[in-house]
Amino acid sequence: MTRVDAKGTVEQAAERLRACRHVVALTGAGLSAESGIPTYRGSGGIWTKWGEPTIDGWELFNSDPGRWWEEAIDRQTLMSDFAQAIDRAEPNPGHLAMAELERMGRLHHVITQNIDDLHRRAGSRAVTEIHGNRHLVRCMSCGRRDRQDAIFLERLPPLCQECGGILKNDTVMFGEPIPADVLDECHRQANLADAFLVVGTSAVVYPAAEFPAMAKRRGAALLELNPEPTPLSRLADVVVRAPAGESLPRLAALLGTA
Ligand code: APR
């Protein structure tokens, strides 16, 4: 196994991926950083600035969902700069390159920790949003998801039109379990993968960070695209220390040639 140092090249990544049959990507906030959305950790990160949220939100939702919705709507009217950054964001060359890799049959599934919908807006279709999607609400009983702008908030908490269950925004809160359907798909993809491309994530949040390590233990190739080291770097076969907006378009160009 060639352990490539921080100067691991995109060419080496392309060579590793060329022979693979089922490539899965795990993406994080670093991929959307070049769309103007702040990351969570590291310099300028929102948790770095404001501290990580507590699990109070999840506990309040469970004890008084109506009050949780009232506070969520108040927060929304405050429109944090994070929410405004997401609203303004457009897919960047990294997202577009991943959609291109999917069209070429070189990338088979994306597990994203991002809630910004930018993979789908870039054209990726095989996407699992392990931390949810900020534009959606989810029924806590039947799991049905609807566009947030399609529900009525006259009566709180809003109820599922399918089963009458209580609705919550789809974004997974600290302390909230990952929805079972999402977790099943992530496990399925980690078992199918013969290569995992880890892009723009600090790889410190579980269960998301476990999937590339699971695949690696099964013999899959592990490739990391990130300007900074992460806990997965030592496991990686190829490490490319560059911004995703640079490395991914180069990777797509190399894999686009026969
Ligand atoms: N290209 C690639 N990677 C980048 C870039 C870039 N242009 N800019 C920053 N990065 C890397 C950083 O080096 C860091 O490793 O992106 C990573 C961002 O890490 P985090 O801010 O921790 O974001 P993420 O890994 O997605 O966080 C995981 O934590 O709080 C939860 O739910 C939240 O989904 C989030 C999860």
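Taken together, the values in this text are just the output of simple stated rules run on the coordinates, not laboratory data. Since we're looking at a predicted model, the values are computed, not measured. As a convention, Cβ positions derive from the backbone with ideal geometry for all residues, glycine included, and neighbour counts pool all protein chains shown.
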Kirkwood Rh over alpha-carbon pairs of the chain, then Stokes-Einstein at 37 °C and 0.692 mPa s: what D in µm² s⁻¹, rounded to an integer?
172
Rounded to the nearest 20 debye, dipole of the chain from Cβ charges on Lys, Arg, Asp, Glu
920
Lone cysteines in the chain, going by a 4.7 Å Cβ-Cβ cut-off?
C20, C186
Cα gyration tensor of segment 182-240, axes a ≥ b ≥ c as square roots of the eigenvalues: rounded (a/c below 1.5), prolate (a/b > b/c) or oblate?
oblate
Top of A19, A122, A89 by mean-square fluctuation, Gaussian network on the chain, Cα under 10 Å
A19
Cα-projected label distance for R144 with T54, points at 7 Å along beta-carbon direction, nm
3.5
Dipole of the chain [Lys/Arg +1, Asp/Glu -1 at C-beta], most positive-end residue of C186, F196, A72:
F196
Starting from the 7 Å offset along Cα-to-Cβ, what nm value, one decimal, do you get for the label separation of A253 and S80?
3.7
Fewest-first ordering of V199, V239, V205, V182 by Cβ atoms within 10 Å yields V205, V182, V199, V239
Along the charge dipole of the chain, which of C160, A89, I55 sits closest to the positive end, that is, farthest toward it, with unit charges on the beta carbon of Lys, Arg, Asp and Glu (+1, +1, -1, -1)?
A89
To the nearest 0.05, the calculated FRET efficiency linking V204 and E154 through their beta-carbon distance, R0 being 51 Å, is 0.80
The longest stretch of the chain containing none of the GluC sites (Glu not before Pro) that sit in a DSSP loop with at most 16 other Cβ atoms within 10 Å is 1-153
